[in-house]
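K.L.:
This is the structure I want to talk about, given as structure tokens.
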Amino acid sequence: MCYNKYVALRRGLLPCGQVGTLAGLATSSPKALQQGAVAIALQDCSILKVYLYPANYEDIPRKRAKYLYNKAYDALHRIERREQLNAARHANPEPHRASSRTYRAKNLEKVQAQERAALANATPEAKAIKKAYLKQWQLAHAEEIREKNHLRYEENKEEEQAQRREYYATHKTQALRASRAWRQAHPEKQAEYRIRKRARRLNAPICNLTHAEWEFIKRIANYCCVYCGKRPKRLTKDHITPLSKGGSHTASNIVPACTSCNSRKGNRAIPKPIQPMLPLTL
């Protein structure tokens with residue numbers, strides 16, 4: 001039923017009995033048809049809602065009439081319309097993404113409330129699918145998320161620290177349990193964190209060694225200690241110029257060493273000349 005036919009029907013130029021034929025609808029109320037009823041939002045030929053208006057079309061605002069027609073059309077062609085919109089989004093996704101981001105920024109609280117309500121009412125299967133999708137997306141955008149979080153932290157450092165202190169005070173047991181579990185699952189990263197913390201405390205001129213650079217240095221050394229030549233289960237970072245004597249925590253001042261050799265050397269000079277490894281390509 002096109003909009004022109006709808007207008008003609010409302011003006012009395014078409015018999016009211018043709019409503020069922022034109023719109024693919026049906027009503028068992030002759031009185032409603034005589035009064036000029038408008039049936040909208042239909043599914044499976046069953047009327048969900050009927051609007052009654054006077055027989056005079058001029059009493060119905062044009063915008064309201066067009067809104068009722070569009071609503072009826074969408075209800076009758078819901079699946080087809082959804083497929084058209086999805087095809088348009090896949091063909092040109094950027095405008096839709098920009099529009100979604102703009103709407104979300106303007107109505108953040110409303111959108112978050114809707115998302116929480118939808119998640120609370122979702123089935124266990126839907127929740128599992130959502131969780132798996134989020135995990136996959138986070139793995140694919142790990143660097144982007146890390147940079148965004150770091151930038152937000154730097155811009156709102158005092159506020160972020162206050163929130164963390166408040167959370168820790170409220171959930172101390174949970175925080176300690178989670179921290180302990182993370183340290184046990186990631187011993188190498190925990191060791192890196194301790195070394196970086198010590199380097200910052202000793203005011204190291206440069207503190208920019210990354211995990212990728214450390215892995216490259218170990219691979220170049222064939223996963224062996226540079227002092228004794230053995231291949232231990234775990235290699236440690238030894239600073240050629242010790243941090244306590246002004247050395248930097250950077251790739252050009254780091255060599256792999258076993259725990260025994262590293263402890264024996266301490267903060268003294270290196271036991272034998274070593275060519276520092278400079279990872280140019282990772």
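K.L.:
Kindly list the number of the only condition in (1) in contact with a strand residue (DSSP E or B) (Cβ under 7 Å, 6 or more places away or on another chain); (2) more than 14 Å from GLY247 (Cβ to Cβ) that fails for ILE195.
P.N.:
The one condition ILE195 does not meet is (2).
K.L.:
Spot the failing condition for CYS261; the list is (1) under 26 Å from GLU143 (Cα atoms); (2) not in a loop (DSSP other than H, G, I, E, B), and only one is missed.
P.N.:
If we test CYS261 against (1) under 26 Å from GLU143 (Cα atoms); (2) not in a loop (DSSP other than H, G, I, E, B), just (1) comes out false.
K.L.:
Oh, and also: Would you tally the residues in region 116-132 being loosely packed, with under 12 Cβ neighbours inside 10 Å and part of a helix (DSSP H, G or I)? Break it down into steps so the answer makes sense when it comes.
P.N.:
Taking region 116-132 as the starting set, the residues that turn out to be loosely packed, with under 12 Cβ neighbours inside 10 Å are 116-118, 120-121, 123-125, 128, 131-132.
Cutting the leftovers down to part of a helix (DSSP H, G or I) gives us 116-118, 120-121, 124-125, 128, 131-132.
Total meeting the criteria: 10.
K.L.:
Something else now. Restricting to region 157-190, name every residue that is part of a loop (DSSP other than H, G, I, E, B) and modelled with pLDDT under 90.
P.N.:
If we filter region 157-190 for residues that are part of a loop (DSSP other than H, G, I, E, B), which is where we start, we get 171, 186.
HIS186 - this is the single residue of region 157-190 that is part of a loop (DSSP other than H, G, I, E, B) and modelled with pLDDT under 90.
K.L.:
Let me ask another. Determine whether LYS237 is surrounded by 10 or more Cβ atoms within 10 Å (Cβ to Cβ), in contact (Cβ under 8 Å) with a residue 40 or more places away in the chain and closer than 30 Å to GLY266 by Cβ. Lay out the reasoning, then the answer.
P.N.:
Working: surrounded by 10 or more Cβ atoms within 10 Å (Cβ to Cβ): yes; in contact (Cβ under 8 Å) with a residue 40 or more places away in the chain: yes; closer than 30 Å to GLY266 by Cβ: yes.
For LYS237, the condition - surrounded by 10 or more Cβ atoms within 10 Å (Cβ to Cβ), in contact (Cβ under 8 Å) with a residue 40 or more places away in the chain and closer than 30 Å to GLY266 by Cβ - is met.
K.L.:
Within the group ARG194, ARG146, which residue is assigned by TED's automatic domain parsing to the domain that holds ASP238 and under 30 Å from LYS218 (Cβ atoms)? Walk me through how you get there before you give the answer.
P.N.:
On the way: ARG146 fails: assigned by TED's automatic domain parsing to the domain that holds ASP238.
Answer to the check: ARG194.
K.L.:
For region 214-221, does any single residue satisfy the condition of being touching a Cys at 6+ places or on another chain (Cβ under 8 Å) and assigned to a helix (DSSP H, G or I)?
P.N.:
Within region 214-221, not a single residue is touching a Cys at 6+ places or on another chain (Cβ under 8 Å) and assigned to a helix (DSSP H, G or I).
K.L.:
Related question: Please enumerate the residues belonging to region 240-258 that are assigned to a helix (DSSP H, G or I) and surrounded by fewer than 17 Cβ atoms within 10 Å (Cβ to Cβ).
P.N.:
From region 240-258, those assigned to a helix (DSSP H, G or I) are 243-245, 251-253; that's our starting set.
Once the filter is applied, which keeps residues that are assigned to a helix (DSSP H, G or I) and surrounded by fewer than 17 Cβ atoms within 10 Å (Cβ to Cβ), region 240-258 yields SER244, LYS245, SER252.
K.L.:
Just the residues that are over 17 Å from the mean Cα position of the chain (by Cα) and basic (Lys, Arg), please, taken from region 98-128.
P.N.:
LYS106, LYS110
K.L.:
Determine which single condition ASN222 fails, assuming it passes every other condition in (1) within 24 Å of ALA269 (Cβ to Cβ); (2) loosely packed, with under 14 Cβ neighbours inside 10 Å; (3) not small (Gly, Ala, Ser).
P.N.:
Failing condition for ASN222: (1).
K.L.:
Taking ASN203 and the conditions (1) at positive phi; (2) in a helix (DSSP H, G or I), which numbered condition does it fall short on, given that it satisfies the others?
P.N.:
(2)
The values are calculated or read from the model by the stated rules, or taken from the named source; none is laboratory data. The shown structure was predicted, so the numbers you read here are calculated from the model rather than taken from an experiment. As a convention, Cβ positions derive from the backbone with ideal geometry for all residues, glycine included, and neighbour counts pool all protein chains shown.
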